[in-house]
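Chemist: The structure is given below, and queries will be raised subsequently.
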């Protein structure tokens, strides 16, 4: 997984809702796949590590978002 040293100033992390300049990763957005590409949202690595949970019933790894966002916001 490729990480980026700086967080983009014009975006907010979907988990914490801030644009703090911390290491981030691009997380693909459901429903935006087009062959080999998809839209993605920058997300702080720290937020993923602190907030990620696994649901054995749903068979999903997730982190609850603190904010509602449109694609690319």
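Chemist: Computed over the Cα atoms of the chain, what is the convex hull's projected area averaged over all directions, in nm²? Please list the in-between numbers first.
Modeler: Numbers: hull surface 21.6 nm².
It is 5.4 nm².
Chemist: Grab the DSSP H runs of the chain that are 4 residues or longer, score each as -39,500 (n - 2.57), total them, divide by all residues and round the 222 nm result to the nearest 500 deg cm²/dmol.
Modeler: Only helices count here, giving -2500 deg cm²/dmol.
A short reminder: the numbers here are calculations on the coordinates, not readings from a lab. In this text the structure is predicted, and so the values were computed from the model without any measurement.
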